[in-house]
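Okay, so here's the structure we're looking at.
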Amino acid sequence: MSKARKRFVCGGVSASVWQREREADGGTFVAESVTFSRRYRRSNGTWSTARSFGKNDLPRLAVVCQKAYVFLNERDEEGQPCREDERKTSQDG
């Protein structure tokens, strides 16, 4: 499995930004997407991942969603996507 380009975490909720090259109409372009997940501890003590969220998770989901949105939409003065080393967002959190 490929590694996420960027990951944002708030509590047990995370957003992972993915990037892959796609081909269409004889050209190549970069497609970006975001997945969301929630980590929780089961009654037996093991950790699991879920893709559904309860009402108390929604504020944390909103935080990571906003961070992913800003990350994907940062542009330089010419309107080009910023390179990874130019981005102003923090690593996680």
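The values are calculated or read from the model by the stated rules, or taken from the named source; none is laboratory data. Computed from a predicted structure; not experimentally measured. All Cβ positions, glycine included, derive from the backbone under ideal geometry; neighbour counts span all protein chains shown.
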Handout entry: Qualifying position, being at positive phi and either out of contact with any Phe, Trp or Tyr (no Cβ under 6 Å at 6 or more places or on another chain) or modelled with pLDDT of 90 or more (or both), among ASP85, ASP25, ASP76
Key = ASP25
Exercise for the section: Please specify each residue of segment 59-75 satisfying the condition of being hydrophobic (A, V, I, L, M, F, W, C) and either without any contact (Cβ under 8 Å) to a residue 24 or more places away in the chain or farther than 23 Å from CYS10 by Cβ (or both). Expected result: ALA62, VAL70
Handout entry: Restricting segment 1-36 to residues that are surrounded by fewer than 10 Cβ atoms within 10 Å (Cβ to Cβ) and basic (Lys, Arg), the residue that is nearest to the chain's Cα centre (by Cα)
Key = LYS3
Problem - Residue that is nearest to ASN73 (Cα to Cα), among those in segment 10-58 that are touching a residue at least 24 places away in the same chain (Cβ under 8 Å) and either of a type in the set (D, E, K, R) or out of contact with any Lys or Arg (no Cβ under 9 Å at 6 or more places or on another chain) (or both) - result: GLU32
